[in-house]
Amino acid sequence: MREGTAPLIRREDYLSPAYWIRQVDLTLDLDAAKTIVASKLTIERNGQQPAQPLRLHGEDLNLLRVLVDGQSVSFRHEDDMLVIDAPAADQFVLEIRNTIAPEKNTHLSGLYASGGGLYTQCEAEGFRRITYFLDRPDVMAVYTVTLRGDKKKYPVLLSNGNLVEQGELDGGRHFAKWHDPFPKPSYLFALVAADLVAREQWVRTRGGKDHLLQIFVKRGDLDKTEHAMNSLIASVVWDEARFNLPLDLERFMIVAVDDFNMGAMENKGLNLFNTKYVLASAATATDADFDGIESVVGHEYFHNWTGNRITCRDWFQLSLKEGLTVFRDQEFSMDMAGSASARAVCRIADVLRLRESQFPEDAGPMAHPVRPDAYQAIDNFYTSTVYEKGAEVVRMMHTLVGREGFAKGMSLYFQRHDGQAVTCDDFAQAIADANPDSALAVNLALFKRWYSQSGTPHLSARGQYDTAASTFTLELSQANPVTAAQPNKLPQLIPVAMGLVGRHSGQALALQLEGEAAPSGSHRVLVMTEATQRFVFTHVTEDCVPSLLRGFSAPVLLDDGLTDADRLVLLAHDSDPFTRWESGQKLALGRLLTALPTGTLELDEPFVHAMRGLLRDPSLDPAFKELALVPPSEGYVAEQTTEVDPQRVHAVRESMVQQLAARLNEDWAWAFAEHQVREGYRPVAEQSGKRALANLALAMLVRHAVATGDTVWPGRAYQRFKDASNMTDRLGALQALVNAHAELAAPALERFHALFRHEPLVLDKWFMLQARAPERDGRVFAQAKQLLKHPDFTLGNPNRARSLLMALAFFNPAAFHRADAGGYVFWAERVVELDAINPQLASRFARALDRWRHLAEPYRSAAREAVARVAARTDLSSDTAEIIHRALQE
Ligand code: TRP
Ligand code: ZN
């Protein structure tokens, strides 16, 4: 079904539903070709709304029968709605029978087939692809679900809640009946019918109750579920310890599925996961994969309270659950990481993600507030703005009220709203009301502009030390840029965590603001509430450098006005690891930007010296060093310019990396030797930091060797690739070769493929590595096109499609943005091809060119032409049409 011109849904048009559905009794006769769905709904008229027909959502359904209180009734179809004239009674039972064809469902929304099993994905609007329903999150019902199917094909039959009955049926079939006692919106419904095995573990919560945890996977994958189970247990313990939120179900299940549009889904008691976020062994998964599993398992588990017990009134409130739950999973990962420096590494990684994807989104045609005002396809608003910027908004509240105050706010939120479908306003109000004296409560309306205004605020800071008066004056000002659909902006509340670092002593100075009786501490949060504000620090005994936006205390673009000399002071002495890292990044960024106009870069000795100092500093964590020694990405550099020439950005950055490889050659050799892990593999921060730095060092050593014609390091890299005892080291060595040494890369890639041809998640890495290799003479792009025809490639599996298409278009600008427009032709063809199979995935890929206006010529015109060519089609899904048409809007 194509619906390119679907209407715009607006937040201001929200009305409560005309009917409530209180109970759902579903029976499914499961069959991949034709599943019969019998639905019995207990419905009540909503007295708040005028009498009107009952209008139910339905999509790609084959309707067999409709009964109201046992009698047949007249009904009609209007677009994708089933319309039934208002029944006379205020309460009635509606019975519907329809069929669906899971094996034909390539959208992976609704009920679909994957690897012989049947699985559901209902968020946001997939339930309507199973049966007719009021498919909106404010309609919450208690579900009883009976599943019937072939016992050989589907030995495991799962749905939400508790198993209340199971048994045999005729003809080799069996059934299972599930009951979920918690009222829930339809998007949290799930079922699984497949041939699976489970790892099981009992946990006892603090109240003394025992709960069964299960992780279901395909036969043969059980030995890869240990880390996911450990992460799940840790999540249960953490949510109880930090927020007093216990597991509320007798049984909590996770099911891994190969074909999945996103990371995972928090269906009540039955989380469905992309296999990527469940399966891991030392041999097949990298440290980053292990971390990803921990955070996604945590994320979905934490949704049980923030999302499921309290859900969203409408989809405009999506960040109510997603922003809050991302914040919670970030805090979980930090608490799990332990040491202060390991926490800082987590924070830096989160900020990198935000800047890489959310800042560009906020500066382009898809810019939208954390709480959007309008959409055509809600699937398009599962964005980094709603998720990552939403998490930053929650983090700012946490900063403003403190850790304890935030926990109090969460308690009040659950006291008020448990069991309800609510709004972002309700959340902010609860946090503020629990902390009435906080800057948040005092300025709540101002703070809430973070929910309503899109765009990344620009914060600029200028400091002045007055020796005679012993004062340091800091002037802060903010500018809120015009974005798509929002011409007028107001100042926002910006918490600026900061300190002052003595220019000569390197010491953290005591902070005393004008008007304060005494100094208090050397770190504080300045609360900005106006466009421009001045803060005067007194009794400042030494000239100093301001350390601003510590921990990235607000999602803004900071122009700190500092000099290189200032940054070197912060890099060497600041007590805040985030600002230290940021100072190094800014030193590198400044040099890259200066080099862009000419395309040539000559690294200066002070910079090289500072980088060497970082690498050799015995007090710093290896993981931190790795983050600090990698220059800002091409995407981030591009963001800082008005007209992007992706080839120029690539050349300049490559040159910086190459010079760092050459000038620190001995230091890299030292770092490689010093950071070997001799113990057995464990996915813990102490080990992963060493592996990360050793892998970076190896890549640098191979690069420099290739430039000088030396064969020792390439040979060592090949040896390490062959002998590695874990995937992190193996992939690191392979990447060092693929990035620099074509002759050794070819046999290594072949060997890697042969070793892992039966491991889909590892094959994804094989495709991705090649699609992300640094471009030279168009070889990487040519190879990517070639890989489309590889027998292991398919657009039908989202992970595989992403590993090639997204890797190329989003993460390899120099291979994708070509002067001959080949990348854009490739993009347009794949968007159309993918859209016919899976609109959700296609519309995500389509976004690779939504910022074509930001490109320099000749890229801009060529990209525009490609976008226009796709826009001219009349058969686009509403998902993809929305992205494409927005991209062309003025
Ligand atoms: N709610 C899921 C999460 O944890 C997101 C999600 C999973 C999703 N599958 C989806 C969103 C399909 C849209 C479509 O973040
Ligand atoms: Zn989520």
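Sorting HIS758, HIS609, HIS107 on the 10 Å Cβ count, fewest up front, what's the list?
Numbers: HIS758 8, HIS609 12, HIS107 22.
In increasing order of surrounding Cβ atoms, one gets HIS758, HIS609, HIS107.
Grab the eigenvalues of the alpha-carbon gyration tensor for region 590-682, scale each by 5, take roots, and send me the semi-axes largest first in whole angstrom.
Values: eigenvalues 165, 46, 25 Å².
Over the Cα atoms of region 590-682, the ellipsoid semi-axes are 29, 15, 11 Å.
Provide the convex hull volume over Cα atoms per residue for the chain, in Å³. Working shown, then result.
On the way: hull volume 147.4 nm³, N = 890.
For the chain, the hull spanned by Cα atoms encloses 166 Å³ per residue.
Could you work out, for region 445-512, what percent of all Cα-Cα pairs fall into each 5 Å distance bin, beginning at 0 Å and stopping at the bin that holds the largest distance?
Result, from short to long distances: 3, 13, 19, 19, 12, 11, 10, 8, 5, 1 percent.
Counting only DSSP beta bridges with both residues in region 187-301, tell me the antiparallel percent, nearest 5.
50 percent
DSSP loop (so not H, G, I, E, B), at most 13 other Cβ within 10 Å: list which GluC sites (Glu not before Pro) in region 97-133 pass both filters.
Listed in order of number, the matching sites amount to none.
Which of the residue pairs LYS765/LYS785; LYS276/LYS765; LYS625/LYS690; LYS40/LYS177; LYS151/LYS268 have a Cα-Cα distance greater than 21 Å in the structure shown? List each step's numbers first, then the result.
Values: LYS765/LYS785 17 Å; LYS276/LYS765 11 Å; LYS625/LYS690 10 Å; LYS40/LYS177 15 Å; LYS151/LYS268 25 Å.
The answer is LYS151/LYS268.
Taking every DSSP beta bridge that has both residues in the chain, what percent is antiparallel when rounded to the nearest 5? Walk me through the intermediate numbers first.
Working: 105 of 129 bridges.
Antiparallel: roughly 80 percent of the beta bridges in the chain.
Spelling out what I want: for every residue of region 205-219, take phi, set θ = phi - 60°, compute 6.51 cos²θ - 1.76 cosθ + 1.60 (Karplus), and round to whole Hz; glycine and proline get x.
Once rounded to whole Hz, the list reads 7, 4, x, x, 7, 9, 10, 9, 9, 10, 10, 9, 9, 5, 3.
Could you give the dipole magnitude of the chain about its Cα centre, charging the beta-carbon of Lys and Arg +1 and that of Asp and Glu -1, in debye to the nearest 20? Don't skip to the end; give the middle numbers.
Numbers: 95 positive and 114 negative charges, 225 e Å.
Dipole of the chain, to the nearest 20 debye: 1080 debye.
Could you tell me the distance between the Cα centroids of region 152-227 and region 742-807, to the nearest Å?
Each part reduced to its Cα centre gives a spacing of 35 Å.
Would you mind counting up the charge near ASP210? Only other residues with Cβ under 10 Å from its Cβ, with Lys and Arg at +1 and Asp and Glu at -1. Mind dumping the intermediate values first?
Working: positive: ARG204, LYS209; negative: GLU250.
Neighbour charge sum, excluding ASP210 itself: +1.
Relative contact order, percent, of region 162-232 when contacts are C-alpha pairs under 8 Å separated by at least 6 residues?
On the way: 67 pairs, mean separation 14.5, N = 71.
So the answer I get is 20 percent.
Could you work out the relative contact order of the chain? I mean the mean sequence separation of Cα pairs under 8 Å and 6+ apart, divided by the number of residues, in percent.
Numbers: 1744 pairs, mean separation 80.5, N = 890.
Worked out over the chain, it gives 9 percent.
Taking only the alpha-carbon atoms of region 583-639, what semi-axes of the equivalent ellipsoid follow from 5 times the gyration tensor eigenvalues under a square root, in whole Å, largest first? Before the final figure, lay out each step's value.
Values: eigenvalues 102, 38, 9 Å².
After scaling each eigenvalue by five and taking roots: 23, 14, 7 Å.
Taking only Cα atoms, what is the 0 to 90° angle, nearest 10, from helix 226-243's long axis to the longest principal axis of the chain?
90 degrees
Which listed residue (VAL73, LEU118, ASN98) has the Cα farthest towards the positive end of the charge dipole for region 63-130, taking +1 on Lys and Arg C-beta and -1 on Asp and Glu C-beta about the Cα centre?
LEU118
Just flag the trypsin sites (Lys or Arg not before Pro) in region 836-869 sitting in loop per DSSP whose Cβ has no more than 11 other Cβ atoms within 10 Å. List each step's numbers first, then the result.
Working: sites: ARG844, ARG847, ARG851, ARG853, ARG860, ARG864, ARG869; in loops: ARG851.
Of the trypsin sites (Lys or Arg not before Pro), not one in the loops of region 836-869 has a Cβ with at most 11 other Cβ atoms within 10 Å.
Would you mind working out the magnitude of the charge dipole of region 809-890 relative to its Cα centre, with +1 at each Lys and Arg C-beta and -1 at each Asp and Glu C-beta, to the nearest 20 Debye?
220 debye
Out of LEU526, ALA439, GLN492, whose Cα points farthest toward the positive end of the dipole of region 435-588 (charges: +1 Lys, Arg; -1 Asp, Glu; placed on Cβ)?
Ranked along the dipole, the leading option is GLN492.
Around VAL649, under 12 Å between beta carbons, what's the net of Lys plus Arg minus Asp minus Glu among the other residues?
On the way: positive: ARG648, ARG653; negative: GLU634, GLU639, GLU643, ASP645, GLU654, GLU775.
Local charge sum for VAL649: -4.
Between helix 859-871 and the chain, what is the angle of the helix's C-alpha long axis to the longest principal axis, kept within 0 to 90° and rounded to the nearest 10?
On a 0 to 90 degree scale, this one is about 0.
Report ³J(HN,Hα) in whole Hz for each residue of region 470-479, in order, from the Karplus equation J = 6.51 cos²θ - 1.76 cosθ + 1.60 where θ = phi - 60°; Gly and Pro get x.
Residue by residue, region 470-479 yields 6, 10, 10, 9, 10, 10, 10, 9, 10, 10 Hz.
Let me check I've understood the local charge: for SER505, count other residues with C-beta under 15 angstrom from its C-beta, Lys and Arg +1, Asp and Glu -1. What total comes out?
Details: positive: ARG503; negative: GLU542, ASP543, ASP566, ASP574.
Result for the local shell: -3.
How large are Rg and Dmax for region 307-357 when only the alpha carbon atoms are used, in Å?
Computed over the Cα atoms of region 307-357, radius of gyration and Dmax are 13.5, 40 Å.
Residue farthest toward the positive end of the dipole of the chain, with Cβ of Lys/Arg at +1 and Asp/Glu at -1: which of ALA33, LEU731, ASN267?
Of the listed residues, the answer is ALA33.
So which of LYS152/LYS224; LYS34/LYS152; LYS104/LYS218 end up more than 20 Å apart by C-alpha? Let's see the in-between values first.
Numbers: LYS152/LYS224 24 Å; LYS34/LYS152 17 Å; LYS104/LYS218 22 Å.
From the list (LYS152/LYS224; LYS34/LYS152; LYS104/LYS218), the Cα-Cα distance tops 20 Å for LYS152/LYS224; LYS104/LYS218.
Throw me the Rg/Rh for region 759-886, computed over C-alpha atoms with Kirkwood Rh, two decimals.
On the way: Rg = 14.0 Å, Rh = 14.6 Å.
Over the Cα atoms of region 759-886, Rg/Rh equals 0.95.
Each reported figure results from applying straightforward, stated rules to the coordinates on display, with no laboratory input. Keep in mind the model is a prediction, meaning the values are calculated, not measured. Heads up, the Cβs are rebuilt from the backbone with ideal geometry, glycines too, and the neighbour counts pull from every protein chain shown.
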